[in-house]
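Asker: One structure, as structure tokens, below. Some questions next.
The values are calculated or read from the model by the stated rules, or taken from the named source; none is laboratory data. The model shown is predicted, which means the values in this text are computed figures rather than measured ones. Quick reminder, even Gly has a Cβ in these numbers, built from the backbone with ideal geometry, and neighbours come from all protein chains shown.
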Amino acid sequence: MRQKIDALLQEIAELKAQKLQEVEDIRVRLVGKKGSVTKLFEDFRSVPAEQKREFGQLLNVLKTKAAEKIEELREALENSASSNEPSFDYTKPGDRFDLGTRHPISITREEILSIFGKFGYAVAEGPEIEDDWHVFGALNFPPEHPARDMQDTFFISTGDNPILLRTHTSSVQVRSMEKMDLPIRIVCPGRVFRNEAISARAHCIFHQVEGLYIDKNVSFADLKQAILLFAKEMFGEQTKIRMRPSYFPFTEPSAEVDVSCNICGGKGCNICKGTGWLEIMGCGMVDPNVLKASNIDPNEYSGFAFGMGVERIAMLKWQVKDLRHYFENDVRFLKEFETVV
Ligand code: PHE
């Protein structure tokens, strides 16, 4: 009996299997009904009483070893089987490939340009890094005007002819008047820079679209008509405009333009703060001093100009509550404009 047990222990220690079926065969051969281990338990009955204790222990060890070995072989095969499976299922649908979306500021800028394009306005651009003359001097800013202060303007160099980041796209008016033949009818999109603390309503970088029309006999009525047509195209046919007197050094007279609130239809809501109106731009008749500074005779020519903030127009159109969303580029925000174009 001892020899049989030792022989089986030896056999069990050396067992190997390539397939799960082989493990099953081993199990049957050892501990199945007619298995060799089972058989030894049957033989145990005829072991003399004084040896039962010793052989009983040995048989139990054998039984445990057999069970452990079978389990070990099965596990080894199962693990390697799963790692041999193909790493992905070719029949599954692929990962969705996300396309980017256009930025709401780009969408809005293109829409503004396309509306004025239909009215015959060409697109003109100018540099973001400018000199004092194009941003202030030629636009009739007095030398002591606060906009020329470090508080509002980012200077690249100071001194007699300071270099600075343009604070408005009105500088492109000047550059265009210098080089274009008359009449001039342009819209000028671009980034502008102001030394302001960043908040929900202000940012140190934002976008403007400037408009300039210079011809013979251009009147304030022409300005009003151009802006009314723009407002209807941008915010809907029912949109009304109103003008409030204002001041800019480069236009005279000057006005701020409001559109009727497109949320409440002018009745008053929390977007328009109960007034029924939303401010969208500054405008006015080009000051004769500005025409003169660019060698245009104010007795022969007149013109109007307007300037609007692209972020502001986009905020009003889509009720964006915080300007900072435009700069953070959170895809959840950008995706909201996926269906706009
Ligand atoms: N440049 C002005 C601004 O930045 C806007 C403006 C443009 C006003 C043209 C009148 C005419 O606020």
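Yes/no per residue for (1) within 13 Å of the ligand (Cβ to nearest atom); (2) of a type in the set (A, V, I, L, M, F, W, C); (3) touching a residue at least 40 places away in the same chain (Cβ under 8 Å):
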| site | (1), (2), (3) |
| --- | --- |
| Asp132 | no, no, no |
| Phe141 | yes, yes, yes |
| Pro146 | no, no, no |
| Ile163 | no, yes, no |
| Gln173 | yes, no, yes |
| Ile198 | no, yes, yes |
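Asker: Thr108 - would you say it is within 30 Å of Leu30 (Cβ to Cβ) and either of a type in the set (Gly, Ala, Ser) or modelled with pLDDT of 90 or more (or both)? It would help to see each step written out before you state the result.
Answerer: Values: within 30 Å of Leu30 (Cβ to Cβ): no; either of a type in the set (Gly, Ala, Ser) or modelled with pLDDT of 90 or more (or both): yes.
The answer is no for Thr108.
Asker: Are any of the residues in the stretch 311-326 out of contact with any Cys (no Cβ under 7 Å at 6 or more places or on another chain) and part of a strand (DSSP E or B)?
Answerer: Going through the stretch 311-326, the residues out of contact with any Cys (no Cβ under 7 Å at 6 or more places or on another chain) turn out to be 311-326.
Next, from what is left, pick out any that are part of a strand (DSSP E or B): none.
So far as the stretch 311-326 goes, no, none of its residues is out of contact with any Cys (no Cβ under 7 Å at 6 or more places or on another chain) and part of a strand (DSSP E or B).
Asker: Output the residues belonging to the stretch 10-21 that are modelled with pLDDT of 90 or more and surrounded by 15 or more Cβ atoms within 10 Å (Cβ to Cβ).
Answerer: Matches in the stretch 10-21: Glu11, Ile12, Leu15.
Asker: Suppose we filter the stretch 135-184 for residues that are basic (Lys, Arg) and either under 16 Å from Ile205 (Cα atoms) or in contact with a strand residue (DSSP E or B) (Cβ under 7 Å, 6 or more places away or on another chain) (or both); how many remain?
Answerer: Step one: list which residues in the stretch 135-184 are basic (Lys, Arg), which gives 148, 166, 175, 179.
Keeping just the survivors that are either under 16 Å from Ile205 (Cα atoms) or in contact with a strand residue (DSSP E or B) (Cβ under 7 Å, 6 or more places away or on another chain) (or both) gives 166.
Within the stretch 135-184, residues that are basic (Lys, Arg) and either under 16 Å from Ile205 (Cα atoms) or in contact with a strand residue (DSSP E or B) (Cβ under 7 Å, 6 or more places away or on another chain) (or both) number 1.
Asker: Taking the stated definitions as given, is Leu212 touching a residue at least 24 places away in the same chain (Cβ under 8 Å), assigned by TED's automatic domain parsing to the domain that holds Ala147, within 16 Å of the ligand (Cβ to nearest atom) and closer than 14 Å to Leu291 by Cα? Let's see the steps before the verdict.
Answerer: On the way: touching a residue at least 24 places away in the same chain (Cβ under 8 Å): yes; assigned by TED's automatic domain parsing to the domain that holds Ala147: yes; within 16 Å of the ligand (Cβ to nearest atom): yes; closer than 14 Å to Leu291 by Cα: yes.
Yes: the conditions hold for Leu212.
Asker: Here's a follow-up. Among the helices (runs of 4 or more DSSP H) confined wholly to the stretch 1-48, which include 2 or more residues that are of a type in the set (S, T, N, Q)?
Answerer: Working: elements: 2-14, 20-31, 36-44.
Per the criteria, 2-14, 36-44.
Asker: From Ile241, Ile227, Ile205, which residue is within 25 Å of Leu291 (Cβ to Cβ) and among the aliphatic types (A, V, I, L, M)?
Answerer: Details: Ile241 fails: within 25 Å of Leu291 (Cβ to Cβ); Ile205 fails: within 25 Å of Leu291 (Cβ to Cβ).
It is Ile227.
Asker: Another question, then. One residue is enough: does the stretch 30-43 have a residue meeting the conditions in the same structural domain as Lys69 (by TED's automatic domain parsing), more than 16 Å from Glu71 (Cα to Cα), in contact (Cβ under 8 Å) with a residue 40 or more places away in the chain and surrounded by 10 or more Cβ atoms within 10 Å (Cβ to Cβ)?
Answerer: yes
Asker: Is the stretch 286-293 home to any residue that is within 16 Å of the ligand (Cβ to nearest atom) and modelled with pLDDT under 95?
Answerer: Of the residues in the stretch 286-293, the ones within 16 Å of the ligand (Cβ to nearest atom) are 286-291, 293.
Then keep just the ones that are modelled with pLDDT under 95; that gives none.
No; the residues of the stretch 286-293 include none that is within 16 Å of the ligand (Cβ to nearest atom) and modelled with pLDDT under 95.
Asker: Going by the conditions given, is Glu300 modelled with pLDDT of 95 or more and in contact with a helix residue (DSSP H, G or I) (Cβ under 6 Å, 6 or more places away or on another chain)?
Answerer: Details: modelled with pLDDT of 95 or more: yes; in contact with a helix residue (DSSP H, G or I) (Cβ under 6 Å, 6 or more places away or on another chain): no.
Judged against the criteria, Glu300 is not a match.
Asker: So, in the stretch 170-202, exactly how many residues are among the small types (Gly, Ala, Ser) and over 14 Å from Ser294 (Cα atoms)?
Answerer: Going through the stretch 170-202, the residues among the small types (Gly, Ala, Ser) turn out to be 170-171, 176, 190, 197, 199-200, 202.
After this cut, where a residue has to be over 14 Å from Ser294 (Cα atoms) as well, the list is 190, 197, 199-200, 202.
Total satisfying the criteria: 5.
Asker: Of all residues in the stretch 232-275, how many are of a type in the set (Phe, Trp, Tyr) and in contact with a Phe, Trp or Tyr (Cβ under 9 Å, 6 or more places away or on another chain)?
Answerer: If we filter the stretch 232-275 for residues that are of a type in the set (Phe, Trp, Tyr), which is where we start, we get 235, 247-248, 250.
So of that shortlist, the ones also in contact with a Phe, Trp or Tyr (Cβ under 9 Å, 6 or more places away or on another chain) come out as 250.
The number of residues fulfilling the criteria is 1.
Asker: Within the stretch 181-193, can you find the residues that are hydrophobic (A, V, I, L, M, F, W, C) and either away from the ligand (no atom under 14 Å from the Cβ) or not assigned by TED's automatic domain parsing to the domain that holds Val135 (or both)? Walk me through how you get there before you give the answer.
Answerer: Going residue by residue through the stretch 181-193, those that are hydrophobic (A, V, I, L, M, F, W, C) are 182, 184, 186-188, 192-193.
Answer for the stretch 181-193, where residues must be hydrophobic (A, V, I, L, M, F, W, C) and either away from the ligand (no atom under 14 Å from the Cβ) or not assigned by TED's automatic domain parsing to the domain that holds Val135 (or both): just Leu182.
Asker: Regarding Ser246, is this residue under 30 Å from His103 (Cα atoms) and of a type in the set (Ser, Thr, Tyr)? Before you say what the answer is, go through the steps one by one.
Answerer: Numbers: under 30 Å from His103 (Cα atoms): no; of a type in the set (Ser, Thr, Tyr): yes.
Answer is no for this residue.
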